[in-house]
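The values are calculated or read from the model by the stated rules, or taken from the named source; none is laboratory data. Note that the coordinates shown come from a computational prediction; the quantities given were computed from them, not determined experimentally. Virtual Cβ from ideal backbone geometry, glycine too; neighbours counted across all protein chains shown. To get the accessible areas, we keep the full protein, side chains included, count just its heavy atoms, and leave off ligands, DNA and RNA. Shrake-Rupley method; radii C 1.70, N 1.55, O 1.52, S 1.80 Å.
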2 protein chains.
Amino acid sequence: MRKIGGFALWSNDGEPITVPHSCFAERLGDYITLTESETTALTRLEERPRDLRRGTILLREHDPMAELFILQRGMAMSYVLLDDGSRQILRFLFPGDMLAVSALVYRDSPETIVAMTDLTVCPFDRTLMAGLLTEHPRLAAVIMVMNQMEKVALTDRLAALGRTSAKVRVAALLLEIRNRIRLTGQAATTDFALPLTQEEIGDATGLTAVHVNRMLRQLEEDGLIARGAGRVSFTDETALLRAANYVNRFDGLDLRWLPPAR
Amino acid sequence: MRKIGGFALWSNDGEPITVPHSCFAERLGDYITLTESETTALTRLEERPRDLRRGTILLREHDPMAELFILQRGMAMSYVLLDDGSRQILRFLFPGDMLAVSALVYRDSPETIVAMTDLTVCPFDRTLMAGLLTEHPRLAAVIMVMNQMEKVALTDRLAALGRTSAKVRVAALLLEIRNRIRLTGQAATTDFALPLTQEEIGDATGLTAVHVNRMLRQLEEDGLIARGAGRVSFTDETALLRAANYVNRFDGLDLRWLPPAR
DNA sequence: CGATCCCTTGATGTACTTCAATTTGCGTGG
DNA sequence: CCACGCAAATTGAAGTACATCAAGGGATCG
């Protein structure tokens, strides 16, 4: 029996069979060629797939954390609530992302994580991470690299919030979402389904839903995007990239320092 | 002869003697008790201290990177420039911080790093990091923990820029700077030297220098802070913490998952 | 077929910016 | 020690990009 989206097979007697597939391994494979031993170790992080409905809260701010997760299918987001009730969306999460990494540091979660679509996640214990780092130093290094890339992505957004106009922020968010969707393997060319409400776009960019609406209209009037039926297409991607001050952080990598595989 | 601030001794014939001291080890010591072998490994990162004058640019955005640094003495900041000439300060850097970690990922620097005071830094090669991760998995884990804490600090600032008023942002920045200064061992109680111009405060908080000035004045009129001669003191720290929505990210740690020391 | 959520558009308010001028503080050279 | 030069701080006045408030319209779902 094939578990849809779970990438795990069940034998006839209901015993799970580990399949040599791991979303996280696939992601790491973008940066290095994994050894068999490394792949095996990574597969252990995804032995317990769990399906969640859209809207499910995976983790709540201030709640105690026990586990980390690998996101296998669907899209999620993390956010914080401020005491005036406003929300800041911190990050959008896609297949291959590691979720709730703060569980490696904090007893209680600094953020809420919620499923934006139906989801498959694989929870795993923190101690697995300890073993992984010990047995596979090269994986430790690549995970560190990916963390650093996320930090740079956060500083990009910080600069956008601090120093760019509403229109630019919205444009940059659209580009980011499209690029992340494209990386999941879907051949999203110029046209893609935008799984965000305008309120969510606002909560990610520090704007109100009303103003997001006007900025989307302006981008449309400027001939940069077209919209319809929950989809967005980039009608002039070059101009959009320029307007959004976009830097592709997947370019210009240099990982030659990595330790040897084990 | 003692090299002021450099934490290195020179023997009479001018040969440097490695001293069992490392700012980075001291920082890690806040989280774990280091073994002798770990301390020795960390000390190798700080064998080449280098003094820099205030204003020196340690690294320029888009320039190729070769090395990482440990900051031993002084204060620095990192920032990006946008194409309209505006600046976003990303991070303030204090003794014990690791600088230019992006060199583990990118060929060219995504940010500029500049000395805000006279500085001592120790450059070290990326390959040293590879060896460190391989030989000392527990250090790999703790470095990962520190990276994660920095990510949470960035999301805190993201939420501040996206969803809080100018006054709150300035108050939060003052608290952050004071707490970081205090962590360096200086017994900064309520009164501390603020080594930032109002323009720099603005570039960190996404405001203009003019408005920063007005917000500082308001905080003063509200009885939350007092100012004079480049110094700031918190006259009502409780109220300031509340107003700034401050969360101490050094509390509530849980590192029980760490692998054993080697 | 109503309920609900999201999108859309207009009118008004305001927090912050921009521009401009003056003052304060401080290192530097005479 | 004083005079100068310059960066930083300060304050006022006017502009603007965004928020807020309010109302209506379209799609989806039980």
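Kindly provide the helix-only [θ] at 222 nm of chain B, computed as the sum of -39,500 (n - 2.57) over DSSP H runs of four or more divided by all residues, to the nearest 500 deg cm²/dmol?
-11500 deg cm²/dmol
May I ask you to evaluate 6.51 cos²θ - 1.76 cosθ + 1.60, the Karplus curve with θ = phi - 60°, for each residue of region B:245-255 and list the ³J(HN,Hα) values in order in whole Hz, giving x for glycine and proline?
My calculation for region B:245-255 gives 6, 7, 10, 7, 7, 9, 8, x, 6, 8, 10 Hz in order.
Specify the angular offset, from 0 to 90 degrees and rounded to the nearest 10, of the alpha carbon long axis of helix A:166-183 from the longest principal axis of the alpha carbons in chain A.
For helix A:166-183, the angle is close to 30 degrees.
Calculate, in nm to one decimal, what A:Asp118 and A:Asp191 gain on full extension: separation in residues at 0.36 nm each, minus their alpha carbon distance.
Value of the extension gain: 24.1 nm.
Per residue, what accessible area does region A:126-219 have, given a 1.4 Å probe and all protein chains present, in Å²?
34
Relative contact order for region B:9-154: what percent, with Cα pairs under 8 Å and sequence separation of 6 or more?
About 28 percent, as a whole number.
How big is the B-A contact in terms of buried accessible area, both chains counted, 1.4 Å probe, rounded to the nearest 100 Å²?
5400
Most mobile of A:Leu158, A:Leu90, A:Leu58 per a Gaussian network model of chain A (Cα springs, under 10 Å)?
Among A:Leu158, A:Leu90, A:Leu58, the largest GNM mean-square fluctuation belongs to A:Leu158.
Convex hull over the Cα atoms of region B:167-245, averaged projected area in nm²?
Averaging across all directions leaves 4.7 nm² for the Cα convex hull.
Between copies, how far does the label point of A:Ala193 sit from its twins, in nm, shortest first, when each point is 7 Å from Cα along Cα→Cβ?
Nearest to farthest, the other copies are at 5.9 nm.
If you place +1 on the Cβ of every Lys and Arg and -1 on the Cβ of every Asp and Glu, how big does the dipole about the Cα centre of the protein assembly as shown come out, in debye to the nearest 20?
So the magnitude is around 440 debye.
Under the Karplus relation 6.51 cos²θ - 1.76 cosθ + 1.60, θ = phi - 60°, what is the ordered set of whole-Hz ³J(HN,Hα) values for region A:203-210, x standing for Gly and Pro?
5, 7, 9, x, 10, 8, 4, 4
Using a probe of 1.4 angstrom, how much of the accessible area of region B:61-155 is carbon and sulfur, in percent?
In region B:61-155, the share of accessible area belonging to carbon and sulfur is 52 percent.
Efficiency by 1/(1 + (r/R0)^6): what FRET value for A:Arg262 and A:Glu61, r their Cβ-Cβ distance, R0 = 41 Å, to the nearest 0.05?
So, using R0 = 41 Å, E works out to roughly 0.65.
Can you tally the net charge around B:Leu132? Count Lys and Arg as +1, Asp and Glu as -1, for every other residue whose Cβ sits under 12 Å from the Cβ of B:Leu132.
Residues near B:Leu132 contribute +1 overall.
Which of rounded, prolate or oblate describes chain B when judged by the alpha-carbon gyration tensor and an a/c cut-off of 1.5?
Prolate, because a/c is 1.5 or more and a/b exceeds b/c.
Using a 10 Å cut-off around each Cβ of peptide A:248-258, what is the average number of partner chain Cβ atoms that fall inside?
Partner Cβ neighbours, averaged per residue: 5.
Can you list the residues of region A:161-183 whose accessible area drops by at least 20 Å² going from the chain on its own to the full set of protein chains, with a 1.4 Å probe?
Listed in order, they are A:Leu161, A:Gly162, A:Arg163.
Please pull out the direction-averaged projected area of region B:9-154, using the convex hull of its alpha-carbon atoms, in nm² to one decimal place.
Answer in nm², one decimal: 9.6.
Ordered by packing density, taken as the mean number of other Cβ atoms within 10 Å over each peptide's residues, highest first, how do A:222-230, A:243-251, A:23-31, B:191-199 rank?
Ranked by mean Cβ neighbours within 10 Å, highest first: A:23-31, B:191-199, A:243-251, A:222-230.
Where does each of A:123-136, A:97-110, B:44-57 land if you order them by average Cβ count within 10 Å, highest first?
A:97-110, A:123-136, B:44-57
Under 5 Å between amide H atoms, partner at least 5 residues away or on a different chain: which partners does A:Leu90 have, H built in plane at 1.01 Å?
Those lying under 5 Å, H to H, from A:Leu90 are A:Ser78, A:Tyr79, A:Val80.
Can you work out the Karplus-derived ³J(HN,Hα) for every residue in region A:53-65? Use 6.51 cos²θ - 1.76 cosθ + 1.60 with θ = phi - 60°, whole Hz, and x for glycine or proline.
Computed from phi, the couplings for region A:53-65 are 7, 3, x, 5, 8, 6, 7, 10, 3, 6, 7, x, 10 Hz.
Just to confirm the numbers: B:Ala153, label point 7 angstrom along the Cα-Cβ line, distances to the other copies in nm, shortest first?
Listed shortest first, these distances are 2.1 nm.
Within 10 Å of each Cβ of B:127-137, how many other protein chain Cβ atoms are there on average?
5
Hey, if you put +1 on the Cβ of every Lys and Arg and -1 on every Asp and Glu Cβ in the protein assembly as shown, which of B:Thr235, B:Leu119, B:Gln72 ends up farthest toward the positive end of that dipole?
Of the options given, the answer is B:Thr235.
Please find, in a Gaussian network model of chain A (springs between Cα atoms separated by less than 10 Å), the residue of A:Ser233, A:Ser86, A:Ser22 whose mean-square fluctuation is greatest.
So, out of A:Ser233, A:Ser86, A:Ser22, the one fluctuating most is A:Ser86.
Taking H placed 1.01 Å from N in the peptide plane, check which residues at least 5 places from B:Leu99 or on another chain put their amide H under 5 Å from its amide H.
B:Phe69, B:Ile70, B:Leu71
How big is the convex hull of the Cα atoms of region B:84-160, per residue, in Å³?
Spelled out: Cα convex hull of region B:84-160, divided by residues, is 130 Å³.
7 Å along Cα→Cβ for the label point: how many nanometres lie between B:Thr235 and each equivalent label in the other copies, listed shortest first?
For B:Thr235, the inter-copy label distances come out at 5.7 nm.
In peptide A:99-105, what is the residue-averaged number of other protein chain Cβ atoms found within 10 Å of each Cβ?
Going residue by residue through A:99-105 and averaging, the value is 6.
In the Gaussian network model of chain B, springs joining C-alpha atoms below 10 Å, which of B:Glu36, B:Glu61, B:Glu111 carries the largest mean-square fluctuation?
Top of the fluctuation ranking is B:Glu36.
Contact order normalised by length for chain B, with contacts defined as Cα pairs under 8 Å and 6 or more residues apart; what percent is it?
Relative contact order here is 18 percent.
To the nearest Å, what is the center-to-center distance of region A:213-262 and region B:119-176, using C-alpha atoms only?
Value for the Cα centre distance between the two parts: 26 Å.
At a 1.4 Å probe, what is the % contribution of carbon and sulfur to the accessible area of region A:165-243?
About 51 percent, which is the carbon plus sulfur part of the accessible surface.
Give the distance, in whole Å, between the Cα centre of region B:17-56 and the Cα centre of region A:39-110.
Answer, in whole Å: 34.
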